[in-house]
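Okay, structure first, notes after.
Read-outs: derived from the displayed coordinates by stated rules, not from any lab. This one's a predicted model, so the numbers in the text were calculated from it and none came from an experiment. Every residue, glycine among them, receives a Cβ derived from its backbone with ideal geometry; neighbour counts consider all protein chains shown.
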Amino acid sequence: MTSDLTTPGPDELAALEQLAVAVATEAGQLVLDRPSDLGVAATKSSDTDIVTVMDQRAQDLIRTRLGAARPADGFQGEEAGGSTGDGSGITWVVDPIDGTVNYLYGIPAYAVSVAAVVGDPTVPGAWRPVAGAVVGPALGETYRARVGGGAFRRRGDGPETPIVPTGCTDLGHALIGTGFGYEAAQRRWAAEVLLHVIPQVRDIRRIGSAALDLCHVADGALDGYYERGLNPWDLAAGWLVLTEAGGTFIDVPTGDLTWAATAGIAAELERLVTGAIERVPPVRPRSAPGPG
Ligand code: IPD
Ligand code: CA
């Protein structure tokens, strides 16, 4: 993978965006056909961090399609397997099903997230998305964006419309999304931080898909969102949809914290969350080496 953060030219950007939409849509159709006997195929970071057979099938499909269309690109997916590519400067960062627990239970808030990024997505802070799509097949929603091109949403067979965040300027009236991750210590920490945040905002939503959370800040279904411990595949496409819609996105690699907001509450939300974090004993970052 390369450290070059140069944005591709307009024609390549448009082609990357179109490819992201096409493969995310195809994978969305695949996962929509949910097996009636769907169960947990494997677990990852903890017993609650699950994989279904459809996560791997969707990733395999996406990888095959991207590999056929752009063989020199790198690939990083949530499920097993990745490659550095052959010097094209683009790596695809893919979450085949973001919101896998919702998917397992038949809750429609899950999405396929496909992003083309420049830089090295394995190094925090050393990459950024340049084109991407988030497709929620059970919601009938498709979001897309490319650098400088704006952000768009299609619902069902309706027309594509440009999206913008809400005009909220008052944190006390802001609807804020968040998530808790999968590790027990991380969840306890997130719940304690939330105790300080929830009295200061309109309400909290835990939708269960970070990719959708970011798109929902982009299209005004949420005013803001924060979460600790996300991975590049959770946020790559949603980050671009949000910033192209005009929202604020901050990913703090050192603190492992991501937040997103409509511009009018971004600074206030940052103050509230960082203030809450200061009042809660830290948990060790996931990537920190253990004792000994
Ligand atoms: C998860 C979802 C969830 C977030 C977790 C993610 P997954 O992704 O985005 O909302 O809270 O941190 O890992 O496991 O469903 O792909
Ligand atoms: Ca995910």
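Table for the structure above
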quantity	calculated
Amide N of the stretch 168-188 lying under 13 Å from the label point, which is placed 7 angstrom from the Cα of residue 202 along Cα→Cβ	168-177
Amide H partners (placed H, <5 Å) of residue 42, local residues excluded	51
Residue-count net charge about residue 226 - beta-carbon cut-off 10 Å; Lys, Arg +1, Asp, Glu -1	-2
³J(HN,Hα), Karplus 6.51/-1.76/1.60, whole Hz, each residue of the stretch 30-43, x for Gly, Pro	4, 6, 4, 7, 7, x, 5, 9, 4, x, 7, 7, 6, 10
Helix-derived mean residue ellipticity, 222 nm - over the chain, DSSP H n ≥ 4, -39500 (n - 2.57), to 500	-11000 deg cm²/dmol
Residue-by-residue Karplus 3J(HN,Hα) for the stretch 78-84, coefficients 6.51, -1.76, 1.60, Hz, glycine and proline x	5, 8, 3, x, x, 8, 8
Overall form of the stretch 50-140 per C-alpha gyration tensor (a/c, 1.5; a/b vs b/c)	prolate
Förster radius 22 Å - calculated FRET efficiency between residue 40 and residue 64, Cβ distance, rounded to 0.05	0.35
Point-charge dipole on Cβ atoms (K/R +1, D/E -1) for the stretch 171-278, about Cα centre, debye to 20	260 debye
Cα gyration tensor shape for the stretch 10-162, rounded if a/c is under 1.5, else prolate or oblate	oblate
Percentage relative contact order, the chain, counting C-alpha pairs under 8 Å, at least six apart	17 percent
Counting DSSP beta bridges with both ends in the stretch 10-162, the antiparallel % (nearest 5)	90 percent
15 Å beta-carbon shell around residue 18, net charge (K/R +1, D/E -1)	-1
Peptide ranges 141-154, 76-89 listed from the most packed, as the mean C-beta count within 10 angstrom indicates	141-154, 76-89
Within the stretch 171-278, percent of DSSP bridges classed antiparallel, to nearest 5	60 percent
The stretch 90-172, dipole about Cα centre (Lys/Arg Cβ +1, Asp/Glu Cβ -1), debye to the nearest 20	180 debye
For the chain, size of Cβ-based charge dipole, Lys and Arg +1, Asp and Glu -1, in debye	360 debye
